[in-house]
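Read through the structure below, which is laid out as structure tokens, and then see the notes.
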Amino acid sequence: MIVGGLTGNYGMGKSTVARLFKELGAIIIDTDDIVRELLKDHAVIYEIKKAFGEDIVEGNEINKRMLAEIVFEHPHLRISLENILHPRVFKKVDEEIAKITDSAAIVIVEAPVIFERGYQNRFDKIITVYTSEEIAINRLKEKGISEDDARKRLKSQFPIEMKISKSDFAIDNSKDLEDTRRQVEEIYSRL
């Protein structure tokens with residue numbers, strides 16, 4: 001089994017690339033999906049409320065928009081949130097991987113902050129998806145994120161050039177889908 005970490009900065013196309021790997025037969029584990037589930041967990045809600053204050057919870061749910069605004073404005077608070085979530089995320093990732101019985105499986109873990117938190121050694125191979133910052137900002141704006149927020153999110157991550165230099169594979173996602181698909185197919189065959 002090969003476990004690949006799929007990373008890249010906001011708006012650069014990790015989800016698109018993950019879908020293309022899935023179409024080829026890879027098993028995808030999306031850490032964003034795991035985080036969404038964790039944000040419904042009572043113990044996690046309690047810890048976030050303790051760290052960020054009562055206002056972060058409305059009813060029994062985390063106000064995700066407010067939480068995002070706080071953590072992208074204050075890097076030390078983002079680290080506090082990651083310290084609450086990441087051990088649980090990787091416990092779940094490990095559980096999902098342990099369920100896989102096919103020794104020839106290719107598992108792709110979609111995770112945005114592999115390098116920022118020093119998680120690269122958890123993976124056999126690292127794949128970074130990249131595009132220009134302007135393309136990423138336009139994609140994020142299409143998803144309803146303001147340009148200012150998009151820039152804050154991108155600024156909170158390591159420069160994409162650094163991620164590319166530390167990766168086993170890089171996928172240029174700045175052209176059309178077929179170009180990206182060709183790159184994914186080549187990497188998949190090498191894995």
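The values are calculated or read from the model by the stated rules, or taken from the named source; none is laboratory data. What you see is a predicted model; the values in this text were computed from it and never measured. Note that we place each Cβ from the backbone using ideal geometry, even for glycine, and neighbour counts take in every protein chain shown. Heads up: the accessible areas ignore ligands, DNA and RNA and are worked out on the full protein's heavy atoms, side chains in. Shrake-Rupley method; radii C 1.70, N 1.55, O 1.52, S 1.80 Å.
General remarks:
- Selection status of Ile135, modelled with pLDDT of 90 or more, farther than 17 Å from Gly13 by Cα and more than 17 Å from the chain's Cα centre (by Cα): no
- Residue that is most open to solvent (accessible area, probe 1.4 Å) [pool: residues in the range 30-54 that are touching a residue at least 24 places away in the same chain (Cβ under 8 Å) and among the aliphatic types (A, V, I, L, M)]: Ala51
- For the range 82-102, the count of residues that are modelled with pLDDT under 90, within 15 Å of Val35 (Cα to Cα) and surrounded by 18 or more Cβ atoms within 10 Å (Cβ to Cβ) is zero.
- Pairs meeting the criteria (first residue in the range 1-25 and in contact (Cβ under 8 Å) with a residue 12 or more places away in the chain, second residue of a type in the set (Asp, Glu) and open to solvent by 50 Å² or more (accessible area, probe 1.4 Å), beta carbons under 7 Å, at least 6 apart or on different chains) are Ile2/Asp124; Val3/Asp124; Gly4/Asp124; Leu24/Glu185.
- Given (1) farther than 25 Å from Phe72 by Cα; (2) of a type in the set (A, V, I, L, M, F, W, C); (3) open to solvent by 50 Å² or more (accessible area, probe 1.4 Å), index of the condition Val184 fails: (3)
- When residues of the range 135-151 are limited to those that are part of a loop (DSSP other than H, G, I, E, B) and of a type outside the set (A, V, I, L, M, F, W, C), the one most open to solvent (accessible area, probe 1.4 Å): Lys143
- In the range 152-187, residue farthest from Glu69 (Cα to Cα) [restricted to those that are assigned to a loop (DSSP other than H, G, I, E, B) and in contact (Cβ under 8 Å) with a residue 12 or more places away in the chain]: Asp168
- Residues of the range 2-29 that turn out to be on the phi < 0 side of the Ramachandran plot and open to solvent by 30 Å² or more (accessible area, probe 1.4 Å), as a count: 10
- In the range 72-81, of all residues being touching a residue at least 12 places away in the same chain (Cβ under 8 Å) and among the aliphatic types (A, V, I, L, M), the one that is least open to solvent (accessible area, probe 1.4 Å) corresponds to Leu81.
- Checking each residue in the range 121-132 for being open to solvent by 60 Å² or more (accessible area, probe 1.4 Å) and touching a residue at least 24 places away in the same chain (Cβ under 8 Å) picks out Arg122, Asp124, Lys125, Tyr130.
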